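These notes are about the structure you will find just below.
The values are calculated or read from the model by the stated rules, or taken from the named source; none is laboratory data. Since we're looking at a predicted model, the values are computed, not measured. Just the protein is used for accessible areas: all its heavy atoms, side chains included, with ligands, DNA and RNA removed. Shrake-Rupley method; radii C 1.70, N 1.55, O 1.52, S 1.80 Å.
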Amino acid sequence: MATPTKTLVELENKFWQSIVDQDADTATEMLCEPSLMVSTHGAMKFDHAAYRRMASQGSMVLHLVRTPAT
């Protein structure tokens, strides 16, 4: 039986992998509208369309995510 912690880690890994795979469909399926992101640039609220623009037009590409063993 999955624990809440294991489920949360699996979802987090799935979301980060969608970024590596440049799979905006999977990412947006996992995001609420509106969503909130906090980074070194501050907080930003966005919807699915804005996420798709960021994912397709952004200058940063993530190649690998190292996840802890669960």
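Can you give the accessible area per residue of the range 15-70, in Å², using a 1.4 Å probe?
80 Å²
Can you send over the solvent-accessible area of SER39, 1.4 Å probe, protein chains only, in Å² to the nearest 10?
Here the residue's solvent-accessible area equals roughly 50 Å².
Principal axis extents for the chain, Cα atoms only, whole Å, descending order, please.
Largest to smallest, the principal-axis extents are 38, 25, 25 Å.
Order VAL9, VAL61, VAL38 by their accessible area, 1.4 angstrom probe, all chains in place, largest first.
My answer, sorted largest first, is VAL38, VAL61, VAL9.
Please report the accessible area of ASP25 (heavy atoms, 1.4 Å probe, ligands and nucleic acids excluded) in Å², nearest 10.
Using a 1.4 Å probe on the heavy atoms, I get roughly 90 Å².
Leaving out ligands, DNA and RNA, and with a 1.4 Å probe, what % of the accessible surface on the chain is carbon or sulfur?
The C+S portion of the solvent-accessible surface of the chain is 58 percent.
Going by accessible area, probe 1.4 Å, with all protein chains left in place, what is the ranking of LYS45, LYS6, largest first?
The residues order as LYS45, LYS6, largest area first.
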